[in-house]
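Q: Dumping the structure here so I can ask a few things about it.
The values are calculated or read from the model by the stated rules, or taken from the named source; none is laboratory data. Being a predicted model, the structure only gives us computed values, none of them experimental. Quick reminder, even Gly has a Cβ in these numbers, built from the backbone with ideal geometry, and neighbours come from all protein chains shown. Accessible surface is based on the protein model in full, side chains and every heavy atom, while ligands, DNA and RNA are left aside. Shrake-Rupley method; radii C 1.70, N 1.55, O 1.52, S 1.80 Å.
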Amino acid sequence: MEEKARQLLLLAAVAGVGAAFGALSTAAVFSFLSRAKRREGYVRKLLESNGGAGGPHAGSTGPGARLHDSSDLLSDEVVAEQLTRNIQFFGVESQKKVTESFVVVVGLGGVGSHAASMLLRSGVGRLLLVDFDQVSLSSLNRHAVATREDVGTPKAYCLKKHFSLIYPECQIEARVQLYDSSAEDEILSGQPDFVLDCIDNIDTKVSLLAACVRRGLRVLSAMGAGARADPTRIRVADLRESSNDPLSRAVRYRLKKDHGIEGGIPVVFSMEKPKAKLLPFQGSKEEETPSDYQIVPGFRVRIIPVLGTIPAIFGQVMASYVVTQLAQLDFQTEPIVNLDLDHYRVLHHRLLEHEELIYGSAEQVLVDAEEVMYIVKELWRGRSARDQNMKDTGRKMWRSVNELMLVRWDKSKSAGVSNLILLKFSEADAHESTTLDQIKDEEPEFHAMVSRVLKRAETEFAL
């Protein structure tokens, strides 16, 4: 009898614990639902105050729109939760830099729409979207957000409408406008933190890039994304380093000829040679002419074959580059060094010969050909440590290897990953006849630069 009583008491205790746990669980669920309902109500009210999700002032900065102070966006519970993954990645202070930033995107087609979309989703607090063109049915294979209902709508308005449903706190200004020199002050005023050039017309592209350089604005430019298929060949580099891209070549020529600008502009480009050429215009009716399809006189109406995924990747790369720059996340882009393994083997063999000549033995060479590849490509970008201006690209870089060699930076240390610099033959001879103290006294900037680069090698190899 006593045993049965104990069992009943135990069952009652378990039931009590279960009830208590159930009550706590129920309370937690109700608390969650309450918070969710409050957030849902908040968002609904926010959209209503903006004139409705698709209203004329949705996400805009025009009259009647609700303005949001980008300096305190992260203090909003809904925004903070929406951007929680970014906050975990960057940290609060770095993400705050993103939400307080102002970015201008010029050109809202396959590349620009994807770039703008991910800038928005990353929490950029203010966007100026500029494009003169309209959404076409054939552009739906590559546009970030447009639907068939948007065909015929200006691309700028289309993006603003959809963006207001994604991140209504962002201040979005949409302009249906062609960029040219007369629009410079209007579009580039307000000290934007970054400008994205996603234009595919050479004249307007060159004009925008030159204006950004003249004004000291940070700009990232998209080169040709059409007629490509290989996503592994997309790179970010200085305009001077872009290769196999007719648009890059034309832009380089025009910037130098018309504006005296030879480089210093980061670009997204593909190292893949175009797989197709411009197709001729084909009207749907015999009486139609190319000019019937021109929104702006002088702009091409011939067709560039486009695999929609490639401009989308271009746009994603641009957004990632800009967001990390805004958040001040330090990383090194992959250098564009057109060398193969044989070149690195030659440089390794040259190092061994030099060590035997200067030090009587190659025993202190602590690198192999693979590590030479890292030193030459990642640290010195295929160029002499004394000539990091990136003027030699493509075949010129291949020829330049014939006059380059690796030597110790500090002659008292072994020839390891963190103690080798790339120099021309004449520079190597001069380096061997001087000391680090002399270099530090006579060329402090060069000494600091080399020390910084070699410190990076120490960090990455955990030396």
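Q: Only residues in segment 193-210 that are touching a residue at least 60 places away in the same chain (Cβ under 8 Å) count as the first member; pair them with residues that are charged (D, E, K, R) and open to solvent by less than 10 Å² (accessible area, probe 1.4 Å), Cβ under 8 angstrom, at least 6 apart or cross-chain, and list the lot.
A: Close Cβ pairs (under 8 Å, with a partner that is charged (D, E, K, R) and open to solvent by less than 10 Å² (accessible area, probe 1.4 Å)) amount to D197/K205; I199/K205; L208/D197.
Q: Could you please find all residues in segment 80-109 being more than 30 Å from V206 (Cα to Cα) and among the small types (G, A, S)? Break it down stepwise before answering.
A: Step one: list which residues in segment 80-109 are more than 30 Å from V206 (Cα to Cα), which gives 80-96.
Listed by number, the residues that qualify are A80, G91, S94.
Q: On to the next question. For segment 238-254, name all the residues that are touching a strand residue (DSSP E or B) at 6+ places or on another chain (Cβ under 7 Å) and either at positive phi or of a type in the set (A, V, I, L, M, F, W, C) (or both). Spell out how you get there, then give the answer.
A: Step one: of segment 238-254, the residues touching a strand residue (DSSP E or B) at 6+ places or on another chain (Cβ under 7 Å) are 238-239, 242, 245, 248.
L239 - this is the single residue of segment 238-254 that is touching a strand residue (DSSP E or B) at 6+ places or on another chain (Cβ under 7 Å) and either at positive phi or of a type in the set (A, V, I, L, M, F, W, C) (or both).
Q: Does segment 68-89 contain at least one residue that is among the aromatic types (F, W, Y), outside any strand (DSSP E or B) and at pLDDT 95 or above? Don't jump to the end; show me each part of the working.
A: If we filter segment 68-89 for residues that are among the aromatic types (F, W, Y), which is where we start, we get 89.
Restricting the remaining residues to those that are outside any strand (DSSP E or B) gives 89.
If we keep only those that are at pLDDT 95 or above as well, we get 89.
Within segment 68-89, one or more residues are among the aromatic types (F, W, Y), outside any strand (DSSP E or B) and at pLDDT 95 or above.
Q: Looking at (1) touching a Phe, Trp or Tyr at 6+ places or on another chain (Cβ under 6 Å); (2) open to solvent by less than 10 Å² (accessible area, probe 1.4 Å); (3) assigned to a strand (DSSP E or B), find the lone condition where L120 falls short.
A: In the conditions (1) touching a Phe, Trp or Tyr at 6+ places or on another chain (Cβ under 6 Å); (2) open to solvent by less than 10 Å² (accessible area, probe 1.4 Å); (3) assigned to a strand (DSSP E or B), L120 misses (3) alone.
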